Amino acid sequence: MAIRKFSQKIIDSLTDDGKEGVAIELGRVCLKYGYTVAEVADVFAVSRPTVYNWFNGTTKPSRRMREKIQKLIDRLNAKHTENE
């Protein structure tokens with residue numbers, strides 16, 4: 001069963017504690033707060049398959065993109081911390 005428009009494969013990948021990286025962390029944040037792969041793809045002007053590949057660890061974003069991803073993670077966490 002998919003949650004928040006995430007495939008079970010992505011959910012399983014994101015809940016694997018052995019996987020690390022800023023893109024994996026972004027996937028976990030999106031899953032936690034309910035953001036979709038399509039929303040992330042729109043933010044970074046990349047395709048949904050690119051985001052899926054980041055989230056499951058198949059590919060890693062460039063260094064410049066990782067910096068942008070970290071900034072988004074920080075903003076999303078701050079936004080949701082303020083709303084608690």
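The values are calculated or read from the model by the stated rules, or taken from the named source; none is laboratory data. Keep in mind that this is a model prediction, so the values were computed, not measured. For neighbour counting, all protein chains shown are included, and Cβ atoms are generated from backbone atoms with ideal geometry for every residue, glycine included. Accessible surface areas use protein heavy atoms only, side chains included; no ligands, DNA or RNA. Shrake-Rupley method; radii C 1.70, N 1.55, O 1.52, S 1.80 Å.
Some notes on this structure:
- Here residue 5 is the anchor, and the lysines within straight C-alpha reach of less than 22 Å, apart from those fewer than 8 places off in the same chain, are 19, 32, 60, 79.
- Taking the range 10-84 and dividing mean pair separation by its residue count, relative contact order in percent (alpha carbons under 8 Å, at least six apart): 38 percent
- Solvent-accessible surface of the chain, taken per residue with a 1.4 Å probe and all protein chains present: 65 Å².
- For the chain, the mean residue ellipticity at 222 nm estimated from helices alone is -20500 deg cm²/dmol, where every DSSP H run of n ≥ 4 contributes -39500 (n - 2.57) and the total is divided by all residues, rounded to the nearest 500.
- Residue-count net charge about residue 46 - beta-carbon cut-off 14 Å; Lys, Arg +1, Asp, Glu -1: +3
- Based on the convex hull around the alpha carbon atoms, the range 1-54 presents an average projected area of 3.3 nm².
- Set of aspartates and glutamates near residue 71 by C-alpha distance (under 15 Å), chain-local residues within fewer than 8 positions excluded: 25
- Around the Cα centre of the chain, unit charges on the Cβ atoms of Lys, Arg, Asp and Glu (plus for the first two, minus for the last two) sum to a dipole of about 300 debye.
- Most positive-pole-ward Cα, 27, 65, 14, against dipole of the chain from beta carbon charges: 65
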